[in-house]
Amino acid sequence: MGFFSHLCACLEKLRSNRAAKTGATQDDLEAFDLFFDLRTLQIATNFFSELNRLGHGGFGPVYKGLLPSSQKVAVKKLSLSSRQGVREFTNEVKLLLRIQHKNLVTLLGCCVEGPEKMLVYEYLPNKSLDYFLFDKMKSASLDWTTRFRIITGVAKGLLYLHEEAPERIIHRDIKASNVLLDEHLNPKISDFGLARLFPGDDTHMDTFRISGTHGYMAPEYAMRGYLSVKTDVFSYGVLVLEIVSGRKNYDRQLGGEKADILCYTWKLYEGGKTLDIVDQNLSKYNRDEAAMCIQLGLLCCQQLIAERPDMNSVYLMLSSDSFTLARPGKPGIQGRRGQFTTTSTSAFSNDKTNATSTSTGITNASGGNSFVEDYSRNSMSISSIDEGR
């Protein structure tokens, strides 16, 4: 009963906030009804039919639903066998109450009846980024302009979480399957079940409670439990390289040096052949932008935490016509190999027993890099870019 009461209070707060923002009256609040009864969601999803299933994450399966109002929704259903439970469910609700941004998925409400716990989100018709990106046929829908917009949109969402939200939030699981696409293929970051709230001035914490997806995890977090905003930056860098290349970050079928996208991209960069990583399905693309994105991805994935840019710097690089981009150092590859998800049921507490308020290693990316490159997307040709070290 305590959990339900707390959830009621949280959702009532969201109801009030939305009403205030839209100028809704008390009578209008029914439009923001945040509690769904189980029967309504069963009917909406055809009793959670496999035909309506959109995907499956660590939390559980997600289903498409159609409400009596004709509104389409996505229903995330907590699997009864899931290792993620009430605390993760509460965590996601509490976090989504605090955040509103066009590049973050919108929570519409929830259902808590008996053992059933569900989150109801806006429905995004184009599923997740990985659905398109890693399919040779579907990836044709992602031309370069769309890919660059997705790269920029995810950066804007992360910048909001790290620096503009009411409290700093580290997502901890940035990856292609957690980037949803709307009807215009604009990106929205989803799945905040693993996210951590950093209250006050805390900048990082050391924890043994590791949660996320190997292949996207920063090595200092995967191996030592060192969690900071630079953890998300590393994951974002891997995602950028995936978007540019159209391949998964680790693909055993490619074999040898090509299997790991970081190792292979780094080798190409050092050899002055950066653009060889670009997706061959892209018949046309902006070579300057592509080269810049690849170098930016490598910068975000540097082994040294202090040399990775923060998301503010990343967004400035993506949105400016003329800027200075540092040369990347060696990428961090330890603790990345393989593709599997690891979570801990105790990983979602907001207790601060392991938190510190120091900022060791959380400096801007400018420190430590003595070489820089100047890019201007309006005037530079790819032949003028010195890609090697």
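Here is a check on your reading of the model: is residue 43 touching a residue at least 40 places away in the same chain (Cβ under 8 Å) and β-branched (Val, Ile, Thr)? Give the derivation first.
Values: touching a residue at least 40 places away in the same chain (Cβ under 8 Å): no; β-branched (Val, Ile, Thr): yes.
Taking the combined requirement at face value, the residue does not satisfy it.
When you scan the stretch 216-274 for helices (runs of 4 or more DSSP H) that lie fully inside it, which ones turn up with 3 or more residues that are at pLDDT 95 or above and open to solvent by 20 Å² or more (accessible area, probe 1.4 Å)?
In the stretch 216-274, the matching helices (runs of 4 or more DSSP H) lie at 261-270.
What is the number of the single condition among (1) over 17 Å from the mean Cα position of the chain (by Cα); (2) under 24 Å from residue 245 (Cα atoms); (3) at pLDDT below 95; (4) part of a helix (DSSP H, G or I) that residue 145 does not meet?
Unmet for residue 145, out of (1) over 17 Å from the mean Cα position of the chain (by Cα); (2) under 24 Å from residue 245 (Cα atoms); (3) at pLDDT below 95; (4) part of a helix (DSSP H, G or I): (3).
Which residue is modelled with the highest pLDDT, if the candidates are limited to the stretch 53-73 and must be within 24 Å of the chain's Cα centre (by Cα) and not in a strand (DSSP E or B)?
Checking each candidate, the answer is 60.
Would the stretch 155-162 turn up any residue that is in a helix (DSSP H, G or I), free of Cβ contacts under 8 Å to residues at least 60 places away in the same chain and surrounded by fewer than 20 Cβ atoms within 10 Å (Cβ to Cβ)?
Within the stretch 155-162 (the criterion being in a helix (DSSP H, G or I), free of Cβ contacts under 8 Å to residues at least 60 places away in the same chain and surrounded by fewer than 20 Cβ atoms within 10 Å (Cβ to Cβ)), the answer is no, since none of the residues qualifies.
In the stretch 126-143, which residue that is in contact (Cβ under 8 Å) with a residue 12 or more places away in the chain, farther than 20 Å from residue 53 by Cβ and out of contact with any helix residue (DSSP H, G or I) (no Cβ under 7 Å at 6 or more places or on another chain) is surrounded by the fewest Cβ atoms within 10 Å (Cβ to Cβ)?
136
When the stretch 291-310 is examined, which residues are found to be assigned to a helix (DSSP H, G or I) and charged (D, E, K, R)?
307, the sole residue that qualifies.
Could you check the stretch 174-194 and list, in sequence order, the residues that are within 19 Å of residue 243 (Cα to Cα), open to solvent by 10 Å² or more (accessible area, probe 1.4 Å) and not polar (S, T, N, Q)?
Matches in the stretch 174-194: 175, 180, 182, 183, 184, 185, 188.
In the stretch 88-119, which residues are of a type in the set (Gly, Ala, Ser) and either open to solvent by 10 Å² or more (accessible area, probe 1.4 Å) or at pLDDT below 70 (or both)?
Result: 114, single match.
Would you check which residues across the stretch 114-146 are within 13 Å of residue 187 (Cβ to Cβ) and aromatic (Phe, Trp, Tyr) and list them?
If the condition is that a residue be within 13 Å of residue 187 (Cβ to Cβ) and aromatic (Phe, Trp, Tyr), then 131, 132 are the ones that fit.
Tally time: how many residues in the stretch 311-329 are surrounded by fewer than 21 Cβ atoms within 10 Å (Cβ to Cβ) and either at positive phi or in a loop (DSSP other than H, G, I, E, B) (or both)?
4
Any residue at all in the stretch 3-19 that is at pLDDT 55 or above, open to solvent by 60 Å² or more (accessible area, probe 1.4 Å) and not in a helix (DSSP H, G or I)?
For the stretch 3-19, residues at pLDDT 55 or above, open to solvent by 60 Å² or more (accessible area, probe 1.4 Å) and not in a helix (DSSP H, G or I): absent.
Could we say that residue 285 is modelled with pLDDT of 95 or more, out of contact with any strand residue (DSSP E or B) (no Cβ under 6 Å at 6 or more places or on another chain) and either assigned to a helix (DSSP H, G or I) or surrounded by fewer than 16 Cβ atoms within 10 Å (Cβ to Cβ) (or both) here?
When the stated conditions are applied, residue 285 does not pass them.
Among (1) open to solvent by less than 30 Å² (accessible area, probe 1.4 Å); (2) at pLDDT 70 or above, which single condition is residue 85 missing?
(2)
Would you point out the residue of the stretch 95-133, among those that are part of a loop (DSSP other than H, G, I, E, B), under 17 Å from the mean Cα position of the chain (by Cα) and of a type outside the set (Lys, Arg), that is nearest to residue 297 (Cα to Cα)?
The qualifying residue nearest to residue 297 (Cα to Cα) is 103.
The values are calculated or read from the model by the stated rules, or taken from the named source; none is laboratory data. Note that this is a predicted model, so its numbers are computed, not measured. Using ideal geometry, Cβ is built from the backbone for each residue, glycine included, and neighbour counts are taken over all protein chains shown. Heads up: the accessible areas ignore ligands, DNA and RNA and are worked out on the full protein's heavy atoms, side chains in. Shrake-Rupley method; radii C 1.70, N 1.55, O 1.52, S 1.80 Å.
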